[in-house]
Amino acid sequence: MSTTERPPRARDIGLVHCHHCGAVWSAAPPHARCSRCGCKLHARKPDSIARTWAYLLAACILYIPANLLPVMVTRGLLGEQSDTIMSGIVYFWVTGSWSLAAIVFIASFLVPLLKLVALLLLLVCAQFKTRWRRRQRACLYRLVEAVGRWSMLDIFVVTLLAGLVQLQSLATITAGPGALSFGAVVVLTMLAAQSFDPRLIWDTGDPTPP
Amino acid sequence: MHLVHGLIVCDECDSVYRKPDLRPGEAATCPRCGARLDRGTSSARRARQLPLTLAGLVVFVIANLSPIVTMEIQGVSNATTLWQAVLSLYRQGMLPISAAVFCTAILFPLTLLAAHMVLLWPNSQNRHPRVFALISRLMSMVRPWVMVEVLLLGILVAVVKLSHMAEIDPGVGLWAYGALTVLLACVLSSGPQEHWTDGIQA
Ligand SMILES: [Zn+2]
Ligand SMILES: [Zn+2]
């Protein structure tokens, strides 16, 4: 394949496009705003790598209490019981709801963990401007963006249970401190994915990447 | 600064292409990175958007006012709407979580539907271009944080969890959230770019 068939990249030929409305501008001065919709125009998200690192590190730190502290506390006639994310999954497993155990395992355990690892990989690769598997990394980024929201599942479950199970003498369910850190991990990883600029995957020095 | 017509730039890898001519239902993906570039829409599909959004707003109100499930243990029964669940979480001192649930399941879906209706309203772009631009940006800001489909799955998980220890009756709210999820998916199948295809005033 000859290099002439490869599409040029906007920044290399002096174009910038509006992320919001899709308008393509030529000769835009720095810090200009899109004259169609008023959004800020920038060739790359400002300080993308530094901001993504900040969100990601905060998420990594909170990931530990999110998994160790109880997300839900049940008080009943038989005493008090604290549930972490993992013990909630185990509960579904031993009571025979295998499909639900699988769903909650994926949404609450696998997705946050894989998201942290994936963002770490994307960041390190972008920082070293490596040409290693760029297309797969672009796919990975889209995957992280698409599945991140599903980790909020446990937060919604705890909210509903805390609203429903308020039967004075019989049983009450309250949210535990783990829910706070877990919610923070979900929000922080979503912010990290949003502040990462996928165009950095392709900014590797060659004039027109494949 | 000049507007360049007939070109399209990939959001995810910055590649420049000639804007493809797409028929309704067709979609173009970026050959370099695989991201969605553009999709063809028909006027019929665009005309359906406003009634669907209106229906979404009605269903949203029903979903928020009706109990989601009713639980009964040993003669004691309790029903909850999402509002009450958020409030009871707030009273337990879990302000950040109740705020997150309030935003992602109540405030942002409402904002999104209302904003979408303003944008779709006939001639709104020409009458108030400033407001139109502001609302369009507001819409794409809240869009990633609308999590009604996750809430729906959360309701189902909570129901199964409780069904081991109590009698559970699904309420109107549950069905309404199901309908709202479908309507939101229909309404959101278009990106913010679509509002801007007509009437370029540059
Ligand atoms: Zn714009
Ligand atoms: Zn691309």
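The values are calculated or read from the model by the stated rules, or taken from the named source; none is laboratory data. Treat the numbers as computed from the prediction; the structure is a model and nothing was measured. With ideal geometry, Cβ positions are generated from the backbone for all residues, glycine too; neighbour counts draw on all protein chains shown. Remember, those area values only see protein heavy atoms, side chains included, never the ligands or the DNA or RNA. Shrake-Rupley method; radii C 1.70, N 1.55, O 1.52, S 1.80 Å.
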Checklist outcome for this item: If we ask which residues in segment B:1-44 are basic (Lys, Arg) and open to solvent by less than 50 Å² (accessible area, probe 1.4 Å), their number turns out to be 1
Next on the checklist: Considering only residues that are open to solvent by less than 40 Å² (accessible area, probe 1.4 Å) and more than 8 Å from ligand 1 (Cβ to nearest atom), which ones fall in segment A:7-39?
Outcome noted: A:7, A:9, A:10, A:15, A:16, A:17, A:24, A:25, A:26, A:28, A:32
Item to check | Residue in segment A:121-153 that is most open to solvent (accessible area, probe 1.4 Å), counting only those that are farther than 30 Å from residue A:180 by Cα, assigned to a helix (DSSP H, G or I) and more than 10 Å from every other protein chain (Cβ to nearest Cβ) | outcome: A:127
Checklist entry - Within segment A:40-60, is there a residue that is on the phi > 0 side of the Ramachandran plot, in contact with a strand residue (DSSP E or B) (Cβ under 8 Å, 6 or more places away or on another chain), away from ligand 1 (no atom under 15 Å from the Cβ) and more than 7 Å from every other protein chain (Cβ to nearest Cβ)? => result no
Checklist entry - Among all residue pairs at least 6 apart or on different chains, which show Cβ distances below 9 Å where the first residue, located in segment B:23-50, is within 16 Å of ligand 2 (Cβ to nearest atom) and the second is part of a strand (DSSP E or B) and of a type in the set (Asp, Glu)? => result B:27/B:38; B:28/B:38
Checklist outcome for this item: Within segment A:19-39, residues being at negative phi and either within 16 Å of ligand 2 (Cβ to nearest atom) or more than 10 Å from chain B (Cβ to nearest Cβ) (or both) number 3
Next on the checklist: Take residue A:108 and tell me if it is surrounded by 17 or more Cβ atoms within 10 Å (Cβ to Cβ), within 30 Å of residue B:34 (Cβ to Cβ) and touching an Asp or Glu at 6+ places or on another chain (Cβ under 7 Å).
Outcome noted: yes
Checklist entry - What helices (runs of 4 or more DSSP H), lying completely within segment B:91-150, carry at least 2 residues that are touching a residue at least 60 places away in the same chain (Cβ under 8 Å) and more than 10 Å from the chain's Cα centre (by Cα)? => result B:108-120, B:124-127, B:129-142
Checklist entry - Right, residue B:143: within 12 Å of chain A (Cβ to nearest Cβ), at negative phi, out of contact with any helix residue (DSSP H, G or I) (no Cβ under 9 Å at 6 or more places or on another chain) and surrounded by fewer than 18 Cβ atoms within 10 Å (Cβ to Cβ) or not? => result no
Next on the checklist: Any residue that is more than 24 Å from residue B:45 (Cα to Cα) and touching a Cys at 6+ places or on another chain (Cβ under 8 Å) - is there at least one of those in segment B:142-162?
Outcome noted: yes
Next on the checklist: Given (1) under 21 Å from the mean Cα position of the chain (by Cα); (2) surrounded by fewer than 19 Cβ atoms within 10 Å (Cβ to Cβ), identify the lone condition not met by residue B:56.
Outcome noted: (2)
Item to check | Count of residues meeting criterion [without any contact (Cβ under 8 Å) to a residue 40 or more places away in the chain and within 8 Å of chain A (Cβ to nearest Cβ)] in segment B:63-86 | outcome: 7
